[in-house]
1. Which condition number does Ser186 fail, the rest of (1) in a helix (DSSP H, G or I); (2) modelled with pLDDT of 90 or more; (3) not charged (D, E, K, R) being met?
2. Output the qualifying pairs, or none if there are none: Cβ atoms under 8 angstrom, residues six or more apart or on different chains, first residue in the stretch 274-290 and surrounded by 18 or more Cβ atoms within 10 Å (Cβ to Cβ), second residue not in a helix (DSSP H, G or I).
3. Restricted to the stretch 198-217, and to residues that are outside any loop (DSSP other than H, G, I, E, B) and acidic (Asp, Glu), which residue is surrounded by the most Cβ atoms within 10 Å (Cβ to Cβ)?
4. Going through the stretch 314-342 one residue at a time, which ones are of a type in the set (Asp, Glu) and more than 27 Å from Ala65 (Cβ to Cβ)?
5. Which condition number does Ala31 fail, the rest of (1) in a loop (DSSP other than H, G, I, E, B); (2) more than 25 Å from the chain's Cα centre (by Cα) being met?
6. All but one of (1) of a type outside the set (Phe, Trp, Tyr); (2) outside any helix (DSSP H, G or I); (3) touching a Pro at 6+ places or on another chain (Cβ under 6 Å) hold for Val181; which doesn't?
7. Which members of the stretch 378-392 meet the condition of being buried (at least 19 other Cβ atoms within 10 Å of the Cβ) and either under 23 Å from Thr227 (Cα atoms) or basic (Lys, Arg) (or both)?
8. Considering only the stretch 144-169, how many residues are in contact with a Phe, Trp or Tyr (Cβ under 8 Å, 6 or more places away or on another chain) and either among the polar types (S, T, N, Q) or outside any helix (DSSP H, G or I) (or both)?
Amino acid sequence: MSEMTAVRIGLGATLAAAWLGVAALLWRTSAPSLELPKLAAGSLFDAATLRRNARYENGLAALWAVGLVLQLAALWLLARRGPRLHGPLLARAALMGALVFASLWLAELPVRLGVHWWRRRYDVSELGYLGYLTGPWSTTLGELGLAALAGLAIVSAGRLLGRRAWLGLWAAFVALAVAYVLVYPSLLAPRLRPLQDRALAAQIERLGVLVGLEEIEVEVRKARERTRAVNAEAIGAGPTTRVILWDTLLAPEVGRDEVRFAAAHELGHVARRHPWKGVVWFALLALPGTWLLGRAARLQDPRALPRVALVLLLLQLATLPLASAISRRYEAEADAVGLRLTRDGRAAEALYRRFARTSLSDPDPPLLLHLLRDTHPTLVERIATARAGVPRGDPGSP
């Protein structure tokens, strides 16, 4: 073994140990280990609900699988038989990036329409097909422009950095992830309005203070036209935390204690810095991913961009179980924070049961689907946590 080889092995081992150490720190959460009651889905929900929700979720999973196959096929065909573009190098790179996005969009269009038909069939959405197709055009065109810029950036990195292009791409991907966390709140601004119920807003603001979040803005997202599912969000990348309630959550039949718990859960995400931890997870997973990408495709060639997209899609699929597991851990931690803040397990259970009625969530899905696709603990697990009692500890403690 040469001295250079030994140095490389030592450096690789050091980087691997550092990678595992950071991952272990991120994996830790403040969710307590509780003695959970043993519950069965059949004891919590009636048989008709279980059958309906299972059919709905299984149908969505099947459509997701079909969409994945269509996307892989589209990228494979584009990589094998893509058009030969002419013109300046960077123009060809941008055009090929846009062509990759357009191919994926067209390949997935039948599946998206199928998903919308499925959601309408089960009354999860009442939005018409024309409204569904025409609504997100501004977002679609923005994504098309980003794809063109991504193609230009990948080819430019390949030309400028050569064999180290993967490292430049990794840095660019991480910078984009950070920018997304910082810019996303401002992108939402035109679609939100302040919560008119000032008493409820004040209660949510007080919950934020309990977890150390000083400035809280409570706003409402218009969602009723697209879905009857209830949900909330929270964004905190700067001095101000924004709690966003879907207007479906503010319907008269939804108890205000359920709304408070939903808001407390979302505040838990911000208080535990889950958005920033997600960026670090992305950086960790993207590091070996971009290294493999640099060896699987000639980054300096615009004709290789479909192959780049194919490798990225396969890497995303390979890391899906880990990404879902990470999300479930952070969601469980946010549930624990919500219970500490509200001291209301009954409201938590009522909200979880509402998810089964409005989102048609499967309370106890098949294990494979749960491991691959579920970003939250099952409803049975969440109800068991709500019934276990309020977790001990200060809601503001890490």
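1. (2)
2. The qualifying pairs are Pro275/Ile235; Pro275/Gly236; Pro275/Ala237; Leu285/Thr319; Gly289/Thr319.
3. Glu205
4. The answer is Glu333, Asp335.
5. Of everything listed in (1) in a loop (DSSP other than H, G, I, E, B); (2) more than 25 Å from the chain's Cα centre (by Cα), Ala31 misses just condition (2).
6. Val181 satisfies every listed condition except (2).
7. Listed by number, the residues that qualify are Leu379, Arg382.
8. 0
The values are calculated or read from the model by the stated rules, or taken from the named source; none is laboratory data. The model shown is predicted, which means the values in this text are computed figures rather than measured ones. Ideal geometry is used to build each Cβ from the backbone, glycine not excepted, and the neighbour counts take in all protein chains shown.
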